[in-house]
Amino acid sequence: MTSRPTACLVLADGTVFYGRGFGATGQTVAELCFNTAMTGYQEIMTDPSYAGQIVTFTFPHIGNTGVTVEDDETGEPVAAGMVVKWDPTEPSNWRAERELTEWLAAKGRICIGGIDTRRLTRAIRQQGAPHVALAHDPEGKFDLEALVAAARGFAGLEGLDLAKDVTCAQSYQWDEMRWAWPEGYSRRSEPGFKVVAVDYGAKRNILRCLASAGCDVTVLPATATAEEVLAHQPDGVFLSNGPGDPAATGVYAVPMIQDVLKADLPVFGICLGHQMLALALGAKTVKMNHGHHGANHPVKDLETGKVEITSMNHGFTVDSQTLPAGVKETHVSLFDGSNCGIRMTDKPVFSVQYHPEASPGPQDSYYLFERFAAAMRARKAETV
């Protein structure tokens, strides 16, 4: 006797995937993407850049290392749900504090296992990131017509400013540095470069990398004005990652960045921050077919010829054909040639699309934080 499905994933085109539910019960609607990373599922679920998305994991062994609070990238999971091939098992790791399924249920995240994730991933690649409804009911009762209607009614991420939903409510200081064996996370005690980090959905490990690179970090909300940023008299300004359509967030972020650029400060952006900087400089962004989500993306540094293995999570990209004079493309994806980095030719202003703090290489891209620190050091030397 076969057990009745307790969860279903319904695509807007009417396709239905049945499976076994875990985590919270109920239903949710979102954009569906896939992530090819073999590790880091907790960091992915708590990455604010996944707001409005359900994540399909192509790697089948999800949950094996459990969950530990040290690995959270923000206070609560942000991704709307999870799709996996095999049901999560009991954790086998000395750092595990609780099981993944227990954590997801406590955090209100709806998930489904027993799915043919290869077939689902092919559908995403061929059709583009679909709008879906995900439902979990222990009794297996589903109103498919209502779920299809809910999926079709999802507005999508284009034109959506989600940074305001995941940003901090007020400013705060950050001094925690990168994890190291055996002491774990340590705190910065020496004075360093004063950096204002604008939080569009910042991952904690980015802030740790800034601290480890010698920065005293002050985090400001996404809606901070140029006056509020410059009032801290920073040595440099950092633009964080985040979710949603960069053009929508750019309505208030672009004017701020343009005014900050007039102060001739070093500026460094990552992910959404990269897209915000590009918009501020006059370029355009476009929605990708299915985006880049994974920890195995090769990126070429056009200025050195070096290839980095990077972590990526974005559904929009900078259109390199729209980069204005004075802005140079520095990095490209070796998967599809899309833009992965820019810099101004006459100012210490640069950004990358990928996530150097995630370190899948494992240290291929940390030099970017050191480059930012070197730019601030050089500017301070010039102004002494």
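Before moving on, here are some points about what is shown:
- Residue that is surrounded by the most Cβ atoms within 10 Å (Cβ to Cβ) [pool: residues in the range 283-310 that are assigned to a strand (DSSP E or B) and of a type in the set (D, E, K, R)]: E308
- The set of residues in the range 55-83 that are within 14 Å of A106 (Cα to Cα), open to solvent by less than 50 Å² (accessible area, probe 1.4 Å) and among the acidic types (D, E) is empty.
- Considering residues of the range 337-363 that are touching a residue at least 40 places away in the same chain (Cβ under 8 Å), over 18 Å from the mean Cα position of the chain (by Cα) and assigned to a loop (DSSP other than H, G, I, E, B) only, the residue surrounded by the fewest Cβ atoms within 10 Å (Cβ to Cβ): K347
- Sole residue being in contact with a Gly (Cβ under 6 Å, 6 or more places away or on another chain) and either acidic (D, E) or closer than 24 Å to C33 by Cα (or both), chosen from L147, L162: L162
- Of all residues in the range 84-101 being touching a strand residue (DSSP E or B) at 6+ places or on another chain (Cβ under 8 Å) and open to solvent by 60 Å² or more (accessible area, probe 1.4 Å), the one that is nearest to T121 (Cα to Cα): K85
- Any hit, the range 135-155, residues being under 22 Å from the mean Cα position of the chain (by Cα) and more than 27 Å from G63 (Cα to Cα): yes
- Any hit, the range 232-246, residues being free of Cβ contacts under 8 Å to residues at least 24 places away in the same chain and more than 30 Å from C33 (Cβ to Cβ): no
- From the options T56, T65, residue that is among the β-branched types (V, I, T), free of Cβ contacts under 8 Å to residues at least 60 places away in the same chain and in contact with a Ser or Thr (Cβ under 8 Å, 6 or more places away or on another chain): T65
- So E370, is it in contact (Cβ under 8 Å) with a residue 24 or more places away in the chain and not in a loop (DSSP other than H, G, I, E, B): yes
- Search result, residues across the range 104-113 that are over 21 Å from the mean Cα position of the chain (by Cα) and either open to solvent by less than 10 Å² (accessible area, probe 1.4 Å) or farther than 17 Å from A24 by Cβ (or both): I112, G113
- Against the numbered list (1) under 14 Å from A283 (Cα atoms); (2) in contact (Cβ under 8 Å) with a residue 24 or more places away in the chain; (3) not hydrophobic (A, V, I, L, M, F, W, C), Q321 comes up short only at (2).
- Selection count, the range 12-28, where residues are open to solvent by 50 Å² or more (accessible area, probe 1.4 Å), of a type outside the set (S, T, N, Q) and in a strand (DSSP E or B): 2
- Residues that are in contact with a Phe, Trp or Tyr (Cβ under 6 Å, 6 or more places away or on another chain) and loosely packed, with under 15 Cβ neighbours inside 10 Å, drawn from the range 171-208: W179, Y185
- Across the range 254-268, the number of residues qualifying as open to solvent by less than 30 Å² (accessible area, probe 1.4 Å) and farther than 13 Å from K347 by Cβ comes to 2.
- When A163, A211, A197, A155 are checked against the criterion of being touching a residue at least 12 places away in the same chain (Cβ under 8 Å) and farther than 23 Å from D364 by Cβ, a single residue qualifies: A163.
The rows are residues; the columns are (1) part of a helix (DSSP H, G or I); (2) within 23 Å of the chain's Cα centre (by Cα).
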site: S92; (1), (2): no, no
site: A96; (1), (2): no, no
site: E102; (1), (2): yes, no
site: L120; (1), (2): yes, yes
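Residue-by-condition table, conditions (1) in a loop (DSSP other than H, G, I, E, B); (2) charged (D, E, K, R):
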residue: V10; (1), (2): no, no
residue: S49; (1), (2): no, no
residue: I54; (1), (2): no, no
residue: E70; (1), (2): no, yes
residue: E73; (1), (2): yes, yes
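- Residue match in the range 209-218 (condition: at pLDDT 95 or above, buried (at least 21 other Cβ atoms within 10 Å of the Cβ), within 19 Å of the chain's Cα centre (by Cα) and within 30 Å of P130 (Cβ to Cβ)): no
The values are calculated or read from the model by the stated rules, or taken from the named source; none is laboratory data. Computed from a prediction, not measured in an experiment: that's the story for all the values here. Neighbour counts run over all protein chains shown; Cβ positions are idealised from the backbone, glycine included. To get the accessible areas, we keep the full protein, side chains included, count just its heavy atoms, and leave off ligands, DNA and RNA. Shrake-Rupley method; radii C 1.70, N 1.55, O 1.52, S 1.80 Å.
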